[in-house]
Amino acid sequence: MNWLGQPDRSPATQPEPARSATVKPIPSVVYLFFAFAGLVCIAIGGYLGSSTLSRISGVQRVEGKVVEIIRERFEDGSERRESILPVVEYQFSGQSHRIRGRVGDLSLTVGRQLPVLVQPDRPADGMIDSFAEKWMSMLIVGGIGVLFLLFTTIAHCCRPQSPS
């Protein structure tokens, strides 16, 4: 009915079909870049893992003591950060050696005992015996590689198919 109360005789209008946004497919070069970057990161992670394995094979475990905590301040973009790294002293074959940790731990205090892994033929190149010191770099780099490959695989499998 129209506004006068008479039956509406105008032709029924069809609703307009919803306009879908045009989805542009991701160029193949993007998939190739992420796949290549993922493989490179996994290769570097594998190298870091094998390097750690060779560093810890045939080691002797000795007790070390945290003698200093180094606080390094650095700029990360616009943000100021602080890194807290231990300096550990240990004895091996009657000689005293010092190493600097690579991974900070807020729970470390001067005087705390820490295990140190020492190669008998290179006693000055000790390594703090902790999971983070041994494996963190491998896990971060390799994990980034796995994420890149996962992204590439999912994006490639779920990409819109072009009409044939």
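The values are calculated or read from the model by the stated rules, or taken from the named source; none is laboratory data. No experiment lies behind these values; they were computed from the predicted model shown. Virtual Cβ from ideal backbone geometry, glycine too; neighbours counted across all protein chains shown. Surface areas here come from the heavy atoms of the whole protein model, side chains and all, with no ligands, DNA or RNA. Shrake-Rupley method; radii C 1.70, N 1.55, O 1.52, S 1.80 Å.
Toward the positive end of the charge dipole of the range 67-164, with +1 on the Cβ of Lys and Arg and -1 on the Cβ of Asp and Glu, the farthest Cα among 135, 96, 110 is that of 135. With a 1.4 Å probe and all protein chains kept in place, how much accessible area does residue 148 have, in Å² rounded to the nearest 10? Probe radius 1.4 Å; accessible area of residue 148 about 60 Å². What a 1.4 Å probe finds exposed on the range 36-126 is 51% carbon and sulfur by accessible area, rounded to a whole percent.
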